[in-house]
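Student: Just passing along the structure, written as structure tokens.
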Amino acid sequence: MRLDLFLKSVGLFRQRSEARSACAEGRVAVDERPAKAAHAVRAGDRIVVTDGDRRVEAEVVEIPARPPSRAERGRYCRVLSQAQSRQSDPDLSF
């Protein structure tokens, strides 16, 4: 299965086009290497998604034969770590 389709199917991105854009911009890595949207995902791959201030590291458990329901998404992808950096708001007081 293609990487962009897998990312959308397991809920790491809302739309396939968003996943494709993130891959093109180098914000998605598979096994510590930047990956293209057409990269073939296999069980055991580790995916790191950096999207703005969000960073998610996940492991591919199984490849779905068809798009899974929301309840089944955890069966195909295990989130290893999830971080969100909180940038402080600039002091706008004068």
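Nothing in this text is a laboratory measurement; each read-out follows from the coordinates by a stated rule. Since the structure is predicted, the reported quantities are computational estimates derived from the model, not experimental observations. When we count neighbours, we look across all protein chains shown, and the Cβ atoms used for this are built from the backbone with ideal geometry, even at glycine.
Student: What are the residue pairs meeting all of these: first residue in the stretch 51-62, first residue touching a residue at least 12 places away in the same chain (Cβ under 8 Å) and on the phi > 0 side of the Ramachandran plot, second residue surrounded by 13 or more Cβ atoms within 10 Å (Cβ to Cβ) and among the aromatic types (Phe, Trp, Tyr), Cβ atoms under 8 Å, and 6 or more apart or on different chains?
Tutor: Pairs that qualify, where the first residue is touching a residue at least 12 places away in the same chain (Cβ under 8 Å) and on the phi > 0 side of the Ramachandran plot and the partner is surrounded by 13 or more Cβ atoms within 10 Å (Cβ to Cβ) and among the aromatic types (Phe, Trp, Tyr): there are none.
Student: Hey, among the residues in the stretch 30-48 that are under 20 Å from residue 17 (Cα atoms) and touching an Asp or Glu at 6+ places or on another chain (Cβ under 8 Å), which one's surrounded by the most Cβ atoms within 10 Å (Cβ to Cβ)?
Tutor: 47
Student: Tally time: how many residues in the stretch 17-39 are out of contact with any strand residue (DSSP E or B) (no Cβ under 7 Å at 6 or more places or on another chain) and either small (Gly, Ala, Ser) or under 13 Å from residue 1 (Cα atoms) (or both)?
Tutor: Number satisfying all stated conditions: 5.
Student: Considering only the stretch 40-57, how many residues are in contact with a strand residue (DSSP E or B) (Cβ under 6 Å, 6 or more places away or on another chain) and farther than 13 Å from residue 3 by Cα?
Tutor: Going through the stretch 40-57 one residue at a time, the tally reaches 5.
Student: Pick from the stretch 55-88 the residues that are small (Gly, Ala, Ser) and more than 22 Å from residue 27 (Cβ to Cβ): which of them is surrounded by the fewest Cβ atoms within 10 Å (Cβ to Cβ)?
Tutor: This residue is 88.
Student: Outside any loop (DSSP other than H, G, I, E, B) and without any contact (Cβ under 8 Å) to a residue 12 or more places away in the chain: is that true of residue 72 in this structure?
Tutor: Against the criterion (outside any loop (DSSP other than H, G, I, E, B) and without any contact (Cβ under 8 Å) to a residue 12 or more places away in the chain), residue 72 qualifies.
Student: Would you mention how many residues in the stretch 1-36 are aliphatic (A, V, I, L, M), closer than 26 Å to residue 71 by Cβ and assigned to a loop (DSSP other than H, G, I, E, B)?
Tutor: 3
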